[in-house]
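To start, the structure itself, in structure tokens.
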Amino acid sequence: MNQNKKNTASEKIILGIDPGTTIMGYGLIKVVHKKMEFIQLNELMLKKYSDHYVKLKLIFERTIELIETYHPDEIAIEAPFFGKNVQSMLKLGRAQGVAMAAGLSREVPVTEYSPKKIKMAITGNGNASKEQVARMLQSTLKLKSLPKNLDSTDGLAAAVCHFYNQGRAETGKNYSGWASFVKQNPNKVK
């Protein structure tokens with residue numbers, strides 16, 4: 001279990017992650033009595049590293065660092081979208097996998113959401129642009145300004161999407177720990 005539970009059952013922290021091997025965006029919100037409070041959004045810049053395995057290591061380490069710093073109760077992660085480039089899809093899947101593994105290694109439940117579901121939850125339009133999502137988050141969370149790169153707002157959007165979808169029957173794929181992941185994905189883990 002997450003050893004750093006909050007003082008009350010009505011308070012929790014959600015870490016949202018937009019995995020990527022060029023930029024990993026992330027955002028954190030605190031939920032107090034069913035109201036969202038903005039904590040942080042930022043990004044891990046990976047462009048300068050040419051070795052894909054180094055990038056994966058850095059994603060894992062940053063995710064662990066965020067868990068140890070903020071003690072999230074749950075992690076919401078954007079699932080890779082299906083593109084035409086198989087190599088890009090594979091790299092995104094690996095980035096998502098190491099971020100998930102970091103959370104699961106600390107027994108933080110992980111839920112993944114499709115990009116379309118996240119956009120729909122934030123803007124009401126599953127085909128919204130990154131800019132529309134960012135502006136809606138800015139309005140909802142009363143952010144003073146938006147970052148230059150919108151990968152961090154994509155991570156924050158995953159956290160807000162998770163907040164909006166709590167208590168609903170179909171929220172995406174949920175994993176409460178490594179055993180749960182293995183049980184739900186027997187063909188992926190051998």
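The values are calculated or read from the model by the stated rules, or taken from the named source; none is laboratory data. Keep in mind that this is a model prediction, so the values were computed, not measured. Cβ: placed from backbone, ideal geometry, glycine included. Neighbour counts: every protein chain shown. For accessibility, only protein heavy atoms count, side chains too; no ligands or nucleic acids. Shrake-Rupley method; radii C 1.70, N 1.55, O 1.52, S 1.80 Å.
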**Fill in**
If the chain between residue 114 and residue 132 were fully extended at 0.36 nm per residue, the gain over the current Cα-Cα distance would be 4.8 nm
**Message:** Suppose all protein chains stay in the model; what accessible area per residue would a 1.4 Å probe give for region 1-137, in Å²?
**Reply:** 52
**Fill in**
Which of 35/117; 117/142; 12/48 exceed 28 Å between C-alpha atoms? The answer is 12/48
**Message:** Quick one: 3J(HN,Hα) in Hz for region 17-29, Karplus 6.51/-1.76/1.60 with θ = phi - 60°, rounded, Gly and Pro as x.
**Reply:** 10, 10, x, x, 9, 9, 9, 9, x, 8, x, 10, 10
**Complete:** Computed ³J(HN,Hα) along region 65-81: with the Karplus parameters 6.51/-1.76/1.60, θ = phi - 60°, integer Hz and x for glycine or proline, the list is 4, 5, 5, 6, 7, 9, 6, x, 7, 8, 10, 10, 10, 6, 6, x, 8
**Sulfur and carbon atoms: percent of accessible area, region 83-158 [1.4 Å]** = 53
**Prompt:** With every protein chain in place, what's the accessible area of residue 98 (1.4 Å probe, Å², nearest 10)?
**Reply:** 30
**Fill in**
Nearest-0.05 FRET efficiency for residue 140 and residue 50 at R0 = 35 Å, using Cβ-Cβ distance, is 0.40
**Complete:** Phi angles of region 98-108, converted by Karplus (6.51 cos²θ - 1.76 cosθ + 1.60, θ = phi - 60°) into ³J(HN,Hα) in whole Hz with x for Gly and Pro, give 6, 5, 5, 4, 4, x, 5, 5, 9, 6, 9
**Prompt:** If amide H atoms are built 1.01 Å from N in the plane of the peptide, which residues on other chains or at least 5 residues away come under 5 Å of the amide H of residue 79?
**Reply:** 113, 114
